[in-house]
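The structure under discussion appears below in the form of structure tokens.
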Amino acid sequence: MKVVIFCGGLGVRMGEETQRIPKPMVEIGGRPLLWHIMRYYAAWGHNDFVLCLGYKGDVVKRYFLEYNGAMLNDFVLDRNGHGTKVELLSQDLEEWRITFVDTGMSATIGERLKAVGPYLAEEDVFLATYGDGLTDVSIPALIDSFHANSKIAQFIAVRPQFNAHLVLTDDGGNVVGVEDMSRSSVRVNGGYFVFRREILDLIEPGDELVEETFQRLIATGELVAYPYDGFFGAMDTIKDRQRLEMMHETGQAPWQRPRLDLPDPLAV
């Protein structure tokens, strides 16, 4: 099943770093966030990617064109009279197929998805996500739920990850409750999608996927949420990046070590 990744935005809240590289190429543990996302899908067997490029798309292209597996994996260097041989002890891009598509500098998410339609011609169902979020959701469980619901679109609905309090008031403005946003019943779009090909026909010029296209799906009952209470971490700010980096450094990165109650896709 193909995986569409939206990685063409500006990432203005990430500060100076995104002035030279697109946000999905900001590194966590020495590797781009985009690589972490792709590796997670590939671990579940989905290694055919369509990248929707825009802002500094050449940086993404160059990274994969110049990718040197020996720099990021263990290897044996054997030098003898016949030359030099590098034997990789582990590999991560060995079976990845990546389609790079320039979808425009200022295109909306909906327009980016529409633009890659020709590369999804043989896909009745495909996966999609933003290029700035990590999770440990079970991809097979997500797909099974999608097929069980028989809708056009599905996304994971997660609890907000930012520090804020939800204020509850009565009609007179009196505060009747204050709840930690992350512990409330409020959920937000986690951005890990499953789509049927029909969604491409519903996207109109200028559509923001969530704001316009999803409204059409809601009106016809064709959009369903997959509530997920496991790990989800978006990298919207420098603080988010620091949090993800710390999780990686301390060995507490759920997107690399899935929850114990789920099959471990990385144990290969």
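The values are calculated or read from the model by the stated rules, or taken from the named source; none is laboratory data. All values reported here derive from a predicted model rather than from experimental measurement. Quick reminder, even Gly has a Cβ in these numbers, built from the backbone with ideal geometry, and neighbours come from all protein chains shown.
Here are the numbers for this structure:
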| item | result |
| --- | --- |
| Failed condition for residue 237, given (1) β-branched (Val, Ile, Thr); (2) out of contact with any strand residue (DSSP E or B) (no Cβ under 9 Å at 6 or more places or on another chain); (3) more than 20 Å from residue 135 (Cβ to Cβ); (4) in contact (Cβ under 8 Å) with a residue 40 or more places away in the chain | (3) |
| Search result, residues across region 229-243 that are among the aliphatic types (A, V, I, L, M), outside any helix (DSSP H, G or I) and farther than 11 Å from residue 191 by Cβ | 235 |
| Some residue of region 1-21 being under 17 Å from residue 132 (Cβ atoms), modelled with pLDDT of 95 or more and not β-branched (Val, Ile, Thr) | yes |
| Complete set of residues in region 221-254 that are small (Gly, Ala, Ser), within 18 Å of the chain's Cα centre (by Cα) and either over 13 Å from residue 161 (Cα atoms) or surrounded by fewer than 17 Cβ atoms within 10 Å (Cβ to Cβ) (or both) | 225, 230, 253 |
| Region 191-211: number of residues that are acidic (Asp, Glu) and either within 24 Å of residue 122 (Cα to Cα) or at pLDDT 95 or above (or both) | 4 |
| Qualifying residue in region 78-86 (condition: at pLDDT below 85 and in contact with a helix residue (DSSP H, G or I) (Cβ under 9 Å, 6 or more places away or on another chain)) | yes |
| Selection count where residues are more than 28 Å from residue 120 (Cβ to Cβ) and modelled with pLDDT of 65 or more, scope region 51-74 | 2 |
| Failed criterion for residue 121 (all others in (1) closer than 20 Å to residue 99 by Cβ; (2) at pLDDT 95 or above hold) | (2) |
| Qualifying residue in region 158-165 (condition: among the hydrophobic types (A, V, I, L, M, F, W, C), touching a residue at least 24 places away in the same chain (Cβ under 8 Å) and farther than 24 Å from residue 114 by Cβ) | yes |
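Okay, residues lined up against (1) of a type in the set (A, V, I, L, M); (2) closer than 15 Å to residue 188 by Cβ; (3) modelled with pLDDT of 90 or more:
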position	(1), (2), (3)
143	yes, no, yes
147	no, no, yes
150	no, no, yes
153	yes, no, yes
156	yes, yes, yes
163	no, yes, no
171	no, no, no
